[in-house]
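Visitor: One structure, as structure tokens, below. Some questions next.
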Amino acid sequence: MAKKVTSKTPLFGNRRSKSYRATRHAQKPNLQKVTLANGEKVIMSARELRTLKKINASKEINEVAA
């Protein structure tokens, strides 16, 4: 079972027709199941995953340069 590490929740708003009738609408976060380097499975948003990859890449570059 993957552990959820994000606190993102759906955003709620209204869709509007040409007659300006409102219907409820939810924008769900882009959650992904990811296996980390230590083998742990987690659920995180795509933006968090992207940031994590950038941080890890910069660490690797700094290690090579040192």
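The values are calculated or read from the model by the stated rules, or taken from the named source; none is laboratory data. Remember, predicted model here, so these are calculated numbers, not experimental data. Cβ placement follows ideal geometry from the backbone for every residue including glycine, while neighbour counts extend to all protein chains displayed.
Every residue, every condition in (1) at pLDDT below 90; (2) β-branched (Val, Ile, Thr), yes or no:
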site	(1), (2)
Met1	yes, no
Gln32	no, no
Glu40	no, no
Arg47	no, no
Val64	yes, yes
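Visitor: Please specify each residue of the stretch 10-36 satisfying the condition of being aromatic (Phe, Trp, Tyr) and under 30 Å from Leu49 (Cβ atoms). Break it down into steps so the answer makes sense when it comes.
Guide: Initially, the stretch 10-36 is screened for residues aromatic (Phe, Trp, Tyr), giving 12, 20.
Listed by number, the list holds a single entry, Phe12.
Visitor: So, one more: Which residue pairs have Cβ atoms under 8 Å apart, sit 6 or more places apart or on different chains, and have a first residue in the stretch 6-25 that is on the phi < 0 side of the Ramachandran plot and a second that is among the aromatic types (Phe, Trp, Tyr) and at pLDDT 95 or above?
Guide: The qualifying pairs are Arg24/Phe12; His25/Phe12.
Visitor: Taking Gln27 and the conditions (1) loosely packed, with under 10 Cβ neighbours inside 10 Å; (2) out of contact with any Leu (no Cβ under 8 Å at 6 or more places or on another chain); (3) closer than 24 Å to Lys4 by Cβ, which numbered condition does it fall short on, given that it satisfies the others?
Guide: (2)
Visitor: Okay, next question. What pairs can you find where one residue is in the stretch 34-60 and surrounded by 10 or more Cβ atoms within 10 Å (Cβ to Cβ), the other is charged (D, E, K, R), and their Cβ atoms are less than 6 Å apart, with a gap of 6+ or different chains?
Guide: That search, which allows pairs on different chains as well, returns Thr35/Lys41; Val42/Lys3; Ile43/Lys4; Ile43/Lys33; Ser45/Lys8.
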